[in-house]
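Below is one structure, written out as structure tokens; comments come after it.
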Amino acid sequence: MKLRITIFFAFLMSGMLSMAQYSDADLFRAYLATDMKTWDKYIHAHNFDKLSNKEKMRYINYEYGYVATAIDEKAPDAEKHLQDFEKHIAALKGVLPKATVLDYESSCAAYKALMNKAKFISYGLESFNKIKEAYELDSLNPYVLTLKGNVDFYAPKAFGGNKRRALGYFYKAQKIYEQKGDTVNNWNYLSARLCSIQCEEKLGNVDKAVSLAKKLLQRYPDYAYLRDTYLPELLEKQAKKKK
């Protein structure tokens, strides 16, 4: 009996340690370091079906961010991650706000478009329509605003793309996160800020993009992509523009 109790507590402590290893702070540090393998480990370390609704909502948001990386890096299990993401979205209908569900469904359709060139247009239209519906339902949802901005940013003008309109969505999402005080260890907030910088650049506002990038780096000096790749590119572009 004593041995069984010891094993039980060892198992319990192991589970608690696993949860503690993947705090929002840990996962945010990994995001800053472009260490998405840590996100992959977090996703694989938990059985979605056994999580509480609160943990499921947290889990799917990291999954939302990770699937894009898995597809971009051509991870061997990228398709499995996408299938799981779609299943988890369905499981959280009635738990998550409807606009957030539509946002996730829109991103899922966009991910499918990236993985299935033969159905790129049909999945692309599905993504466009889902995020349009989400925005009409809740225009103050920062997840929705950021994805709506990305759709407008990347879509060709012939399909309704508009980078200036996209910029407005990115700034609005950023402002809502800040008003709610939801900026600490929040990769979604950081993503919205980076998107606004990229949008300023594409609109030809390189000086503003540099200024915003430096400001963001002051707050997040460990943001590896911005520090080591994107800001140097912006500075080089700025220097060429001034010649």
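Structure values in brief
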| read-out | value |
| --- | --- |
| Nearest-ten-degree value, helix 53-72 long axis tilted from longest Cα axis of the chain | 50 degrees |
| Percent carbon-and-sulfur accessible area, the stretch 153-243, ignoring ligands, DNA and RNA, probe 1.4 Å | 51 percent |
| Cα Rg, Dmax (largest Cα-Cα span) when computed across the stretch 165-243, Å | 12.7, 43 |
| Helix 142-154 vs. the chain, principal-axis angle (Cα, 0 to 90°, nearest 10) | 50 degrees |
| Net dipole in debye of the stretch 140-219 [+1 Lys, Arg Cβ; -1 Asp, Glu Cβ; about Cα centre; nearest 20] | 140 debye |
| For the stretch 149-195, the spread of Cα positions along each principal axis, largest first, Å | 38, 16, 11 |
| Under 19 Å from LYS215, Cα to Cα: aspartates and glutamates that are on another chain or at least 8 residues apart | GLU178, ASP182, GLU200, GLU201, ASP207, ASP228, GLU233, GLU236 |
| Per residue, the convex hull volume that the Cα atoms of the chain enclose (Å³) | 151 Å³ |
| Note, ³J(HN,Hα) from phi for the stretch 24-37, Karplus 6.51, -1.76, 1.60, rounded to Hz, x at Gly and Pro | 4, 5, 5, 5, 5, 4, 5, 4, 4, 7, 6, 9, 7, 5 |
| Listed residue pairs exceeding 22 Å between alpha carbons, taken from LYS148/LYS241; LYS163/LYS242; LYS130/LYS172 | LYS148/LYS241; LYS163/LYS242 |
| Nearest-10 value in Å² for the accessible area of HIS44, using the 1.4 Å probe | 120 Å² |
| The chain - percent relative contact order, Cα under 8 Å, separation 6 or more | 14 percent |
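The values are calculated or read from the model by the stated rules, or taken from the named source; none is laboratory data. Computed from a predicted structure; not experimentally measured. Methodologically, a virtual Cβ is constructed for each residue, glycine included, from the backbone with ideal geometry; neighbour enumeration extends over all protein chains shown. The protein model used for the area step is the full one, side chains on, heavy atoms only, and it has no ligands, DNA or RNA in it. Shrake-Rupley method; radii C 1.70, N 1.55, O 1.52, S 1.80 Å.
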